[in-house]
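Please treat every number below as a calculation from the coordinates, not as lab data. Keep in mind that this is a model prediction, so the values were computed, not measured. Counting neighbours? That spans all protein chains shown, and the Cβs are built from the backbone with ideal geometry, glycine included.
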């Protein structure tokens, strides 16, 4: 389920008024729409950063007989993942929201699990990334639902492209992790 931003205490409301004065962006979306869509998109942004780092980690630590193919596949996929970060953050700003400020905030918001193991089997790397991409596509669909609920066609449109790209990454990783032709592991 997409995240909704919690209500703010009075002291935070004063700080928010100050922030809106300096960072407010005009939008025809209602305040609830900005709040809900920003929360959903910031969650996705944290996940995208985490998935980017994990994909690069596996790219750097790939080994084995399929090294070149997997190394290049993960390099291509990490570039595609990273390319989403700026448009996601800028979309949040365009609708009047605030976006992530730090690595600490990314760590608190992300739902992609880290893998700090010194060695991971290549097949396990690809399977983990396959599952992470499938989860990301599901969370993007949830965010799309929030956008639909509030009539934010532009953010929904961006999400549609990213869902398609994420499904393509999932498909490629699925095919690369088959144990033999016809196996649907």
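Numbers below:
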{"item": "Per residue, the convex hull volume that the Cα atoms of region 32-107 enclose (Å³)", "result": "74 Å³"}
{"item": "Packing-based order for 160-169, 33-42, using average beta carbon neighbours within 10 Å, highest first", "result": "33-42, 160-169"}
{"item": "Overall form of region 75-158 per C-alpha gyration tensor (a/c, 1.5; a/b vs b/c)", "result": "prolate"}
{"item": "Normalised contact order of region 30-176, rounded percent, pairs of Cα under 8 Å and 6 or more residues apart", "result": "32 percent"}
{"item": "Sequence ranges 173-181, 148-156, 91-99, ranked by mean other-Cβ count within 10 angstrom, highest first", "result": "91-99, 148-156, 173-181"}
{"item": "Global size of region 30-176 as Cα Rg and Dmax, reported in angstrom", "result": "15.7, 54"}
{"item": "Relative contact order of region 28-97, pairs being alpha-carbon contacts under 8 Å that are 6 or more residues apart, as %", "result": "50 percent"}
{"item": "Centre separation in Å (Cα based) which lies between region 153-184 and region 54-91", "result": "14 Å"}
